[in-house]
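Colleague: Got a structure for you, questions after.
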Amino acid sequence: MAIKAAADSDTFPKLLIHNARVRGTRPALRHKDLGIWQTWTWMQVLDEVRALSVGLQELGLKRGDKLAIVGANRPRLYWAMCAAQALGAVPVPLYADSVADEMAYVLEHAEVTVAIVQDQEQVDKLLSISDRVPKLTHIVYDETRGLRDYDHSRLTSIDEVQKRGRKVLSEIWAQKNWDDMVAQGKGSDLAIILYTSGTTGRPKGVMLSHDNVLISARNGNLFDHLDENEEVIAYLPLAWVGDHIFSYAQSYVAGFCVNCPEAGETVVEDRREIGTTYAFAPPRIYENLLTLTMVRMEDAGKLKRRVFHYFIGFARKWGEKILNGERVPLHARLVYALGEILVYGPLKNRYGLSRIRVAYTAGEAIGPEIFRFFRSIGINLKQLYGSTEASVYITAQPDGEIYADTVGKPNIDVEVKVGDNGEVMFRSPGVFQGYYKDPEKTAETKTPDGWVKSGDAGFFDARTGHLKIIDRAKDVGKLKDGTLFAPKYIENKLKFYPNIKEAVAYGDQRDMVCVMINIDLVAVGSWAERNNVVYGSYQELAGHPRVYDMIEQHVAEVNRSLAEEGVLAGAQIRRFLILHKELDADDGELTRTQKVRRGFIAERYAPLVNALYDGSTEADISTEVTFEDGRKGVIAARVKIRDMQKIPAAVLEQAA
């Protein structure tokens with residue numbers, strides 16, 4: 001009966017009322033504050049949301065208005081989404097680390113009238129651009145620290161807004177009016193506008209209805225058998241569709257508890273305390289975990305290192321088979337069980353993944369060795385393929401069908417096809433309504449019969465029936481000799497190495513492939529310390545000859561791998577350089593979801609790109625950088641360039 005009622009609840013506020021009725025005393029949200037976990041039940045969340053909703057109505061928020069939400073993962077910011085939706089208003093989350101100029105575009109484009117923000121930092125950003133967003137009449141803040149002496153003519157604390165709401169709700173008619181408003185909501189109503197990360201230009205506002213989000217969330221829960229007993233930690237950006245599904249929609253549908261960490265730096269510790277059962281992280285998170293593990297093991301004692309490497313090697317051979325429930329020899333199970341006590345268990349505990357049932361990664365391709373490492377130690381890590389325009393889910397890997405080089409099969413109620421040009425297309429209940437105020441872009445992306453062009457090139461693997469993604473369709477090109485060039489595929493091979501944090505490959509319509517590389521400061525810094533390499537800055541370390549020697553070995557190994565891959569054998573890396581600074585979203589080089597903006601980087605570093613292709617052995621570059629406080633500066637450097645030998649396929653055959 002409860003399940004049927006939940007299915008009939010076609011908006012978030014209706015689901016909240018349902019959850020408060022059928023599981024009112026179960027925990028819905030936790031937040032760690034000053035080292036102590038604070039808990040709210042579903043009944044308490046309903047009370048908080050109702051008061052905030054009515055208080056926002058008193059501020060003038062009404063049906064059809066847009067409410068900006070800016071900050072980290074905090075209970076009140078999640079409540080603000082539902083509070084706005086109860087009024088028929090539309091939440092518009094922004095990336096908290098966006099600079100003021102980026103926020104100004106979204107606030108103006110979305111015609112935001114009220115903003116709810118986390119703290120003084122976000123208040124200052126919005127006040128600095130207030131002349132550019134005249135429709136923004138009220139800023140509501142969560143944390144009061146530092147804001148006491150500000151002009152409060154247009155500033156209000158959430159406490160004050162809820163206080164006003166509760167005062168109004170003290171009248172019986174007010175609660176009935178709010179319930180009536182919620183009842184008027186329909187699944188087809190616009191639920192949220194999520195702005196894309198802007199890889200190729202200005203962000204686009206993706207309009208998703210309640211039906212889009214809730215049906216996708218419900219199907220995702222069914223696919224992985226998620227129920228009210230799950231524990232999730234919310235740490236991904238509120239503005240990203242992944243967090244909206246995993247930390248908000250799926251929680252409301254299944255009734256499980258979402259946990260907000262104390263800070264971004266405490267996520268792993270907080271995850272361990274909670275005992276997360278369902279988790280999502282982009283590949284870079286898993287890459288960073290593995291990098292830190294390997295760096296720390298190099299600093300461990302000799303015996304510990306030997307034990308670690310022995311059992312990790314054993315897990316690579318048998319771990320996935322045991323995880324998948326395959327038949328393996330008894331001695332292998334016994335050794336693996338010992339490894340669980342000595343290595344695998346402590347590792348999973350360190351990562352905060354001891355109780356994990358389902359873990360996902362998506363957003364970028366993950367290195368096969370990194371993927372297999374986590375699965376080999378007993379973590380049920382899987383891949384999915386999704387997009388904001390799909391309300392996340394397009395394909396996912398079913399349990400028992402896990403392959404490092406695929407992204408799974410079409411999810412429940414999702415149709416997927418590959419066009420004649422190799423572009424992946426999909427159709428599902430989660431397909432977006434359109435791009436806000438951009439019918440032309442909508443028509444380019446979405447066909448009249450509901451198929452969406454993903455922009456990704458891929459194909460279905462004949463052996464497994466799973467989808468494989470090669471690259472962004474627009475990025476797949478050819479060298480002048482006709483060799484297929486897939487830059488992301490090459491970049492991901494390089495990023496498998498812990499010493500390489502980021503890579504940007506060029507080669508389309510050129511004679512050869514060249515790459516610009518960012519080193520990982522943690523991994524390379526640890527290596528430098530162990531090898532007596534003295535350096536005073538990132539720039540100095542990046543330009544050190546011995547660092548170049550190390551990266552050259554990695555590039556050579558990638559070339560050997562490419563030489564074995566037939567159509568990509570001619571796309572080996574012929575020249576590379578190590579950038580003098582880390583690529584940064586604040587400088588426009590990465591999106592807020594950490595995706596490379598390849599075209600922008602080519603323009604910004606044109607002298608380096610030209611030097612890679614004109615035979616130069618070094619090049620001078622001056623780069624403007626943006627500091628955290630908004631100030632600008634310039635970093636100048638002379639960057640070295642290294643040549644690489646192409647490995648003929650015949651050499652590999654002889655070696656074999």
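The values are calculated or read from the model by the stated rules, or taken from the named source; none is laboratory data. What you see is a predicted model; the values in this text were computed from it and never measured. Backbone-built Cβ (ideal geometry, glycine too); neighbour counts: all protein chains shown.
Colleague: Output the residue which, of all residues in region 162-176 that are over 14 Å from residue 53 (Cα atoms) and assigned to a helix (DSSP H, G or I), is modelled with the highest pLDDT.
Modeller: Taking the candidates together, the pick is 173.
Colleague: Within region 202-249, how many residues are among the hydroxyl-bearing types (Ser, Thr, Tyr) and more than 23 Å from residue 8 (Cβ to Cβ)?
Modeller: First pass over region 202-249, keeping only residues among the hydroxyl-bearing types (Ser, Thr, Tyr): 209, 216, 235, 247-248.
Narrowing the set further to residues that are more than 23 Å from residue 8 (Cβ to Cβ) leaves 235, 247.
So the answer is 2.
Colleague: Which one of these is more than 30 Å from residue 186 (Cβ to Cβ), crowded, with 22+ Cβ neighbours inside 10 Å and hydroxyl-bearing (Ser, Thr, Tyr): 98, 157, 128, 153?
Modeller: Result: 98 is the single residue among 98, 157, 128, 153 that is more than 30 Å from residue 186 (Cβ to Cβ), crowded, with 22+ Cβ neighbours inside 10 Å and hydroxyl-bearing (Ser, Thr, Tyr).
Colleague: On to the next question. Which residue out of 232, 258, 253 is within 18 Å of residue 71 (Cβ to Cβ) and not acidic (Asp, Glu)? Break it down into steps so the answer makes sense when it comes.
Modeller: Working: 232 fails: within 18 Å of residue 71 (Cβ to Cβ); 253 fails: within 18 Å of residue 71 (Cβ to Cβ).
The conditions single out 258.
Conditions (1) buried (at least 17 other Cβ atoms within 10 Å of the Cβ); (2) touching a Lys or Arg at 6+ places or on another chain (Cβ under 7 Å); (3) part of a strand (DSSP E or B), marked per residue:
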| position | (1), (2), (3) |
| --- | --- |
| 429 | yes, no, no |
| 432 | yes, no, no |
| 440 | no, no, no |
| 443 | no, no, no |
| 450 | no, yes, no |
| 453 | yes, no, yes |
| 456 | yes, yes, yes |
| 465 | no, yes, no |
| 474 | no, no, no |
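Colleague: Still on this structure, I have one more. Could you pull out the residue among 159, 189, 151, 142 that is modelled with pLDDT under 95, in the same structural domain as residue 74 (by TED's automatic domain parsing) and not aromatic (Phe, Trp, Tyr)?
Modeller: Unique residue meeting the criteria: 151.
Colleague: Considering only region 539-596, how many residues are more than 30 Å from residue 387 (Cβ to Cβ) and of a type in the set (A, V, I, L, M)?
Modeller: Adding up the residues that qualify gives 11.
Colleague: Being of a type outside the set (S, T, N, Q) and touching a residue at least 60 places away in the same chain (Cβ under 8 Å) is the filter here; which residues of region 306-348 pass it?
Modeller: Our first condition is that a residue be of a type outside the set (S, T, N, Q); within region 306-348, this holds for 306-323, 325-348.
Listed by number, the residues that qualify are 312, 315, 316, 320, 325.
Colleague: Kindly establish whether residue 124 is farther than 23 Å from residue 236 by Cβ, among the acidic types (Asp, Glu) and either without any contact (Cβ under 8 Å) to a residue 40 or more places away in the chain or in the same structural domain as residue 270 (by TED's automatic domain parsing) (or both).
Modeller: yes
Colleague: Oh, and also: Based on this model, can you work out whether residue 282 counts as over 13 Å from residue 234 (Cα atoms) and not hydrophobic (A, V, I, L, M, F, W, C)?
Modeller: Answer is yes for this residue.
Colleague: Could you tell me which of the residues 521, 541 is buried (at least 20 other Cβ atoms within 10 Å of the Cβ) and either touching a residue at least 40 places away in the same chain (Cβ under 8 Å) or of a type outside the set (Asp, Glu) (or both)?
Modeller: The unique qualifying residue is 541.
Colleague: Here's another thing I want to ask about it. Which count do you get for residues in region 593-626 that are in contact (Cβ under 8 Å) with a residue 60 or more places away in the chain and either in contact with a helix residue (DSSP H, G or I) (Cβ under 8 Å, 6 or more places away or on another chain) or under 12 Å from residue 583 (Cα atoms) (or both)?
Modeller: Taking region 593-626 first, the residues in contact (Cβ under 8 Å) with a residue 60 or more places away in the chain are 593-599, 601-602, 605, 608-609, 612-613, 626.
With either in contact with a helix residue (DSSP H, G or I) (Cβ under 8 Å, 6 or more places away or on another chain) or under 12 Å from residue 583 (Cα atoms) (or both) added as a condition, the list becomes 594-598, 601-602, 605, 609, 626.
Qualifying residue count for the region: 10.
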